[in-house]
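Student: Here it is, the structure, as structure tokens.
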Amino acid sequence: MKAAEAAPADLAAIDSFCDSLWLEDGLARASLASYRGDLMHLAAWLAEHNLGGLCGVDDATLLRFVAMLAQTLRASSQARYLSTLRRFYRYQLARGLRNGDPTLKIAMPAKPSRLPKILSEAQVEHLLAAPAVETPLGQRDRAMLETLYATGLRVSELVALRLHEIQLDMGIV
């Protein structure tokens, strides 16, 4: 069975929306492609289920689409879809093309908290032993690694660190 295709009116609405994003917000090509892909997916799903067009979708239908996404996508991908849909329907609302926003009652999915990745003691020792300390550059690299490990600084913070920000006598950075 051939997948349903988006209606011409939906394609025109998507084009208009993406053109607006490009002209008004200067979004990158990849971002525009992501918005377009998400909206095309919804438009094709609506056509496949004979649920009307993208611009006339109601709250319940949109909730069904989001529930379908929840079965196959991670929370971060679902959140991206919802962000696209919210922006599209607010664009429609702002231009008088809709009377209401069907995304208002849809909550963002809960994203699991990410735990920091940590190194084992052996991995830290291996990392600290990597620079060749016989050379000045190796000594510098070892000192940088030791400082990163001891302080928890980000690399960008370390390379921006100035001598007056280090208090060796007090043991603070």
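The values are calculated or read from the model by the stated rules, or taken from the named source; none is laboratory data. Everything quoted here is computed from the prediction, not taken from an experiment. Glycine gets a Cβ as well: all are built from the backbone with ideal geometry, and neighbour counts include every protein chain shown. Only protein heavy atoms, including side chains, enter the accessible area calculation; ligands, DNA and RNA are left aside. Shrake-Rupley method; radii C 1.70, N 1.55, O 1.52, S 1.80 Å.
Student: Does Ala28 satisfy the criteria of being farther than 26 Å from Pro112 by Cα, in contact (Cβ under 8 Å) with a residue 12 or more places away in the chain and open to solvent by less than 80 Å² (accessible area, probe 1.4 Å)?
Tutor: no
Student: Only one residue in Val159, Val155, Val124 is surrounded by 11 or more Cβ atoms within 10 Å (Cβ to Cβ) and either within 30 Å of Ile14 (Cβ to Cβ) or of a type outside the set (Gly, Ala, Ser) (or both), so which one is that?
Tutor: Val124
Student: Regarding the range 127-148, can at least one residue be identified that is in contact with a helix residue (DSSP H, G or I) (Cβ under 7 Å, 6 or more places away or on another chain), open to solvent by 70 Å² or more (accessible area, probe 1.4 Å), in a helix (DSSP H, G or I) and aliphatic (A, V, I, L, M)?
Tutor: Yes: one or more hits.
Student: Still on this model: Does the range 99-120 include one or more residues that are surrounded by 10 or more Cβ atoms within 10 Å (Cβ to Cβ), among the polar types (S, T, N, Q) and either closer than 20 Å to Ser34 by Cα or in contact with a Lys or Arg (Cβ under 7 Å, 6 or more places away or on another chain) (or both)?
Tutor: Yes: the range 99-120 contains one or more residues that are surrounded by 10 or more Cβ atoms within 10 Å (Cβ to Cβ), among the polar types (S, T, N, Q) and either closer than 20 Å to Ser34 by Cα or in contact with a Lys or Arg (Cβ under 7 Å, 6 or more places away or on another chain) (or both).
Student: Moving on to the next point. Residues of the range 79-115 being polar (S, T, N, Q), at pLDDT 90 or above and under 17 Å from the mean Cα position of the chain (by Cα), which ones?
Tutor: Scanning the range 79-115 gives Ser83, Thr84.
Student: Among the candidates Asp15, Asp19, Asp58, Asp38, which residue alone is open to solvent by less than 50 Å² (accessible area, probe 1.4 Å), acidic (Asp, Glu), closer than 17 Å to Gln92 by Cβ and free of Cβ contacts under 8 Å to residues at least 60 places away in the same chain?
Tutor: Of the residues listed, the single one that is open to solvent by less than 50 Å² (accessible area, probe 1.4 Å), acidic (Asp, Glu), closer than 17 Å to Gln92 by Cβ and free of Cβ contacts under 8 Å to residues at least 60 places away in the same chain is Asp38.
Student: Here is a follow-up. Looking at (1) of a type in the set (A, V, I, L, M, F, W, C); (2) more than 19 Å from the chain's Cα centre (by Cα); (3) surrounded by 16 or more Cβ atoms within 10 Å (Cβ to Cβ), which is the only condition Ala67 fails?
Tutor: Failing condition for Ala67: (3).
Student: Find the residue count for the range 64-92, including only residues that are in contact with a helix residue (DSSP H, G or I) (Cβ under 7 Å, 6 or more places away or on another chain) and outside any helix (DSSP H, G or I).
Tutor: 0
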